[in-house]
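Input: a single structure, listed below in structure tokens.
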Amino acid sequence: MAALTERVRLLAAGDIRGIADRLGVRPTKRLGQNFVVEQGTVRRIATLAGVRAGDLILEVGPGLGSLTLALLEAAVAVGDASVVAVEIDPVLAAELPKTIAERAPEYAGRVDVVAADALTVGEAEVGRPTVLAANLPYNVAVPVVLNLLAALPSLQRGVVMVQAEVADRMCAGPGSRVYGAPSAKLAWYATAKPAGTVPRSVFWPVPNVDSKLVAFTRHEPPASTASRAEVFAVVDAAFGQRRKTLRAALGGWAGSPAAAEALLRAAAVDPGARGEALAIDDFARIAAARGDHDHPRV
């Protein structure tokens, strides 16, 4: 590792502030920019990503490049792996290749920087990545992960750093106080689990919220005759009025509370339950029951 460390030089706190000063960059709340300035943290994320030979690592929001370099270091260590980094800030996207070329000249060709919004990218922009590793902006963390899992079927696993409350929701199961629509929708695609906490002191500027790591592994979606969009419509309806029973909460979606009760009973779901009690398989059965009702088998 010593020789590799010399060929891929990670950014220290002073380096990051120096680049930012030279560019006239000030982290903005609008883009959720809090840069990681501690090398142990970025190496920890790269290790949790479990990079393997042949992987294409997708990084979202590389910023000034601290995690990018750690991911490149991990990619080089396993042999044949590479990084594609998606950055929405055009100034940062233009600067990142220069930073990589300066600090890892031998391997700069293994990093592709894409100036784009991670909420809209697909294979045309980033190819077929296999693993996601990212310090995600707090305000768009869940939408970004859901979009990437939907748009990139090649994405099989990943680790993301997010606000602690967001991490708790992503990993929550039915019955949890923080279980909600994001939890259920993520469960359609993948199994998520906590992967550790991150102190505020590793960021610049220091945020006023705590952070956690979430690891996920893709799995097959529930076997259902309903489409993902149809299942997610049930999820949204159920949690849109989460204090109400499913009979009431799904009344608008089904046409009436009575129609909702009939569909719930057809799906073997208690009409008196609430959305927080249901797993993604339950929502899929409800959506499929409506499809059967609208298009009965003959």
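The values are calculated or read from the model by the stated rules, or taken from the named source; none is laboratory data. Quantities reported herein were computed from a predicted structural model and do not represent experimental measurements. Glycine gets a Cβ as well: all are built from the backbone with ideal geometry, and neighbour counts include every protein chain shown.
Being in contact with a Lys or Arg (Cβ under 7 Å, 6 or more places away or on another chain) and either within 24 Å of Val206 (Cβ to Cβ) or modelled with pLDDT of 95 or more (or both) is a property that does not hold for Val37.
Of all residues in region 124-149, those being over 11 Å from the mean Cα position of the chain (by Cα) and either modelled with pLDDT under 95 or more than 25 Å from Asp80 (Cβ to Cβ) (or both) number 1. The helices (runs of 4 or more DSSP H) found wholly in region 124-230 and carrying at least 1 residues that are of a type in the set (A, V, I, L, M, F, W, C) and more than 30 Å from Arg243 (Cβ to Cβ) occupy 141-151. Screening the candidates Gly252, Gly272 for the property of being assigned to a loop (DSSP other than H, G, I, E, B), surrounded by fewer than 16 Cβ atoms within 10 Å (Cβ to Cβ) and not assigned by TED's automatic domain parsing to the domain that holds Pro143 yields one hit, Gly272. Just one of the listed residues (Val209, Val178, Val166, Val214) is at pLDDT 95 or above and either surrounded by fewer than 22 Cβ atoms within 10 Å (Cβ to Cβ) or in contact with an Asp or Glu (Cβ under 6 Å, 6 or more places away or on another chain) (or both), namely Val178.
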